[in-house]
Amino acid sequence: MTSDLTHRAFLEKALTAAGEWARFADPKALAVLIIMGLGLSDLVSKSRALLLPLDTAGDRCGLVSVDGQSCAQVVATASYCTAAVAAVAVVLLVTAAVFPRLALSRRKSNPGSPSLFYFEDVAQHSDAHAYEAAVRKKNVGELERDLAGQVYAVSVVASRKHRYTTRAYLAVLVFLVLWVAARVGLALA
């Protein structure tokens, strides 16, 4: 019986830790959006100048054979357009981090059997008494297996959240570099 309590205590601690890891990813992902929002608001305010640069007859960018535009204008416009793509990537990555596919993670760990820990499966019971009856039908080993499955599922969610948050940070860094290039190109044009 002592080993049962030790396993259960371990699983409960592991579930708590995995839940904390998953929870900590959200503020990081939202910080990425805030950082991007600052640069994006500036780019949007300058979008006319970046997308429709003035046609100056004497300017010619020989690097890409564009008449009527300086190389700085071409760099500014290209950086602006690429920054917009990076901004979309940031939003998609943050969305994936904040809203992971929960059901898929849980189903992998416990296919075909509803979990007594997973909130969607718990909510499928008609009322609290039905849920309690389902819990009481299980023996200690079955409950521990279910708890282990939930530890795995929450860990998959935490891993996915951190992976997408890291990618969002990289995408926002790309966005920031492009934002600076667009602003410098615009200033030099």
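The values are calculated or read from the model by the stated rules, or taken from the named source; none is laboratory data. Since the model is a prediction, treat every value here as computed from it, not as a measurement. We place every Cβ from the backbone using ideal geometry, glycine too, and count neighbours over all the protein chains shown.
This table checks each residue for (1) out of contact with any strand residue (DSSP E or B) (no Cβ under 8 Å at 6 or more places or on another chain); (2) surrounded by 13 or more Cβ atoms within 10 Å (Cβ to Cβ); (3) more than 30 Å from Ser79 (Cβ to Cβ).
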site	(1), (2), (3)
Pro114	yes, yes, yes
Phe119	yes, no, yes
Ala134	yes, yes, yes
Val151	yes, yes, yes
Val154	yes, yes, yes
Tyr164	yes, yes, no
Val174	yes, yes, no
Val180	yes, yes, no
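Taking the conditions (1) in a helix (DSSP H, G or I); (2) at pLDDT 75 or above; (3) farther than 15 Å from Ser155 by Cα in turn, Pro114 satisfies each one other than (1). Pro53 falls short on exactly one of the conditions (1) modelled with pLDDT under 85; (2) of a type outside the set (D, E, K, R); (3) surrounded by fewer than 16 Cβ atoms within 10 Å (Cβ to Cβ); (4) within 14 Å of Ala182 (Cβ to Cβ), and that condition is (3).
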